[in-house]
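> Please read through the structure below; I'll follow up with questions.
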Amino acid sequence: MTFRIRPRALALVLALAAPCLATASDYTVQPGSTLGFADSFQGSSFDGHFDKWTAAISYDQTQLASSKFDVTVDLSSAKTGDNDRDSALPGADFFDVAKFPQAHFVTTAFHQQGSQVVADGMLTLRGVTKPVSLNVIFKPQGSGATLDVSGSLKRLDFGVGGGQYADTSVIGADVKITAHLVLKGK
Amino acid sequence: MSLRSDDRQWGSVSKLFHWVVALGILGNGIWGLLMTGMSPSMTKIGVYALHKSIGLTILALFALRLAWRLYDGAPQDEPMPRWQRIGAHLTHVVLYGFILAMPLSGWWFNSLHGYPLQWFKLFNLPALAAKNDELARTAHAIHESLFYLLLLVLIPHVGAALKHHFFDNDNVLRRMLPFGRVNRDKTSQGELS
């Protein structure tokens with residue numbers, strides 16, 4: 001018995017299987033993207049941002065299993081608009097950039113919470129790795145997209161401002177993380 | 001001792017305002033001069049926060065004191081030469097100006113530097129001006145200079161009080177002392193024991 005591959009049938013099978021094999025699209029981060037954080041000091045909130053960071057983004061709303069965020073942040077690039085604070089942040093009491101120059105966030109899974117997509121991941125900061133979840137708002141635009149994420153972490157979980165600065169009535173316990181990414185399809 | 005002032009002596013409310021503000025300003029001023037040399041630490045943050053909270057308290061007390069003074073009035077001037085009476089009142093007006101200017105200049109400096117302003121961790125007060133690092137340096141110099149000038153004005157104020165007490169033996173100081181009792185009889189040379 002001979003077995004003959006029929007090209008038309010093969011094409012049909014591949015076409016049907018394609019959605020299952022498809023992976024999320026890769027994007028590169030464009031200028032205009034921002035990575036920020038916010039906390040409070042003596043009852044007054046302040047905003048900061050990182051000037052230097054990179055992110056590898058693979059995302060598809062319908063392909064969450066193969067989506068992935070991988071973000072590396074240069075901690076010495078933190079700016080908050082105040083000289084005293086900005087000179088304190090890289091120090092041993094806070095980010096300790098001499099020992100831990102970078103923070104790293106990588107997603108482990110995405111899940112849907114109602115209509116909201118949540119990215120679960122592990123954040124490594126100041127030598128500590130802990131789970132951090134981010135709300136994801138992804139808006140495709142032509143061949144690219146905009147991606148907005150927001151989440152929050154407890155600074156003392158990572159030893160940021162531990163020791164003498166641990167008093168959360170002076171420096172707030174919760175740090176809000178926000179990022180706005182302008183993405184271009186690869 | 002009455003709460004209200006009478007024509008011979010200050011009431012206990014006025015006395016309390018006077019001495020609390022006096023000790024507060026002197027203490028907070030010296031505290032302020034010492035704290036600027038501290039290296040950055042949580043202790044420094046706490047020390048500055050306390051300085052600001054005390055300064056704001058003095059500002060609030062000053063407003064209350066002024067209101068009380070307007071309501072309560074003041075004892076009549078002790079007998080003294082006209083130039084001394086004018087000098088004393090002038091000194092008081094200048095001192096009132098400094099008591100007001102000290103905390104306000106600190107608040108202004110704090111605003112220009114972009115620091116939060118919190119009263120004993122209970123509530124925050126708004127900034128008086130937008131952040132301006134260059135002007136902040138000037139404001140700091142003004143805030144500090146005002147304290148030295150205030151100390152200068154204290155020389156005639158305290159000096160005159162002591163002179164009247166020890167040399168003229170009158171009631172000028174006695175009527176403001178916390179537990180002082182004025183000599184009701186102008187001709188006697190002090191309290192009979």
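> Out of curiosity, is B:TYR96 over 19 Å from the mean Cα position of the chain (by Cα), assigned to a helix (DSSP H, G or I) and at pLDDT 95 or above?
So B:TYR96 fails the test.
> When only residues in region A:38-59 that are of a type in the set (Ser, Thr, Tyr) and under 16 Å from the mean Cα position of the chain (by Cα) count, which is nearest to the other protein chains (Cβ to nearest Cβ)?
A:THR54
> List the number of the failed condition for A:ASP47; all other conditions in (1) closer than 20 Å to A:TYR27 by Cβ; (2) in contact with a strand residue (DSSP E or B) (Cβ under 6 Å, 6 or more places away or on another chain); (3) surrounded by fewer than 16 Cβ atoms within 10 Å (Cβ to Cβ); (4) touching a residue at least 24 places away in the same chain (Cβ under 8 Å) hold.
(1)
> For A:ALA65, work out the one condition from (1) away from chain B (no Cβ under 14 Å); (2) exposed (fewer than 13 other Cβ atoms within 10 Å of the Cβ); (3) not in a helix (DSSP H, G or I) it doesn't fulfil.
Just one mismatch for A:ALA65, condition (3).
> Moving to a separate point now. How many residues does region B:73-90 contain that are assigned to a helix (DSSP H, G or I) and surrounded by 18 or more Cβ atoms within 10 Å (Cβ to Cβ)?
Qualifying residue count, region B:73-90: 1.
> Go through (1) buried (at least 18 other Cβ atoms within 10 Å of the Cβ); (2) without any contact (Cβ under 8 Å) to a residue 40 or more places away in the chain for A:GLY127 and report which single condition fails.
All conditions are met except number (1).
> Would you confirm whether or not region B:55-69 contains a residue that is in a loop (DSSP other than H, G, I, E, B), free of Cβ contacts under 8 Å to residues at least 60 places away in the same chain, out of contact with any Ser or Thr (no Cβ under 7 Å at 6 or more places or on another chain) and within 30 Å of A:ASP86 (Cβ to Cβ)? Before the answer, list the steps.
Initially, region B:55-69 is screened for residues in a loop (DSSP other than H, G, I, E, B), giving none.
Among the residues of region B:55-69, not one is in a loop (DSSP other than H, G, I, E, B), free of Cβ contacts under 8 Å to residues at least 60 places away in the same chain, out of contact with any Ser or Thr (no Cβ under 7 Å at 6 or more places or on another chain) and within 30 Å of A:ASP86 (Cβ to Cβ), which makes the answer no.
> Look through region A:152-186, keep the residues that are among the aliphatic types (A, V, I, L, M) and closer than 23 Å to B:LEU122 by Cβ, and return whichever of them is farthest from the other protein chains (Cβ to nearest Cβ).
The extreme case among them is A:ALA173.
> Test B:LEU112 against the criterion of being farther than 19 Å from B:ILE54 by Cβ, in contact (Cβ under 8 Å) with a residue 24 or more places away in the chain and crowded, with 17+ Cβ neighbours inside 10 Å, and give yes or no.
For B:LEU112, the condition - farther than 19 Å from B:ILE54 by Cβ, in contact (Cβ under 8 Å) with a residue 24 or more places away in the chain and crowded, with 17+ Cβ neighbours inside 10 Å - is met.
> State which residue is farthest from the other protein chains (Cβ to nearest Cβ) when the search covers only region B:43-62 and only residues that are within 21 Å of B:LEU95 (Cβ to Cβ) and small (Gly, Ala, Ser).
So the residue we want is B:ALA60.
> Sticking with this structure for a sec: List the residue pairs whose Cβ atoms are under 6 Å apart, where the first residue sits in region A:100-113 and is part of a loop (DSSP other than H, G, I, E, B), the second is charged (D, E, K, R), and the two are 6 or more positions apart or on different chains.
A:PHE100/A:ARG126
> Output the qualifying pairs, or none if there are none: Cβ atoms under 7 angstrom, residues six or more apart or on different chains, first residue in region A:70-83 and within 14 Å of chain B (Cβ to nearest Cβ) and more than 10 Å from A:TRP53 (Cβ to Cβ), second residue small (Gly, Ala, Ser) and surrounded by 15 or more Cβ atoms within 10 Å (Cβ to Cβ).
Listed pairs, sorted by first residue: A:LYS79/A:GLY48; A:THR80/A:GLY48; A:ASP82/B:GLY114.
> State which residue is surrounded by the fewest Cβ atoms within 10 Å (Cβ to Cβ) when the search covers only region B:115-159 and only residues that are assigned to a helix (DSSP H, G or I) and within 14 Å of chain A (Cβ to nearest Cβ).
B:GLU134
> Okay, next question. Would you please name the residue that is surrounded by the fewest Cβ atoms within 10 Å (Cβ to Cβ), looking only at residues in region A:130-146 that are of a type in the set (Gly, Ala, Ser) and assigned to a strand (DSSP E or B)?
Looking at residues that are of a type in the set (Gly, Ala, Ser) and assigned to a strand (DSSP E or B), I get A:GLY144.
The values are calculated or read from the model by the stated rules, or taken from the named source; none is laboratory data. Predicted model only: the values in this text are computed from it and were never measured. Methodologically, a virtual Cβ is constructed for each residue, glycine included, from the backbone with ideal geometry; neighbour enumeration extends over all protein chains shown.
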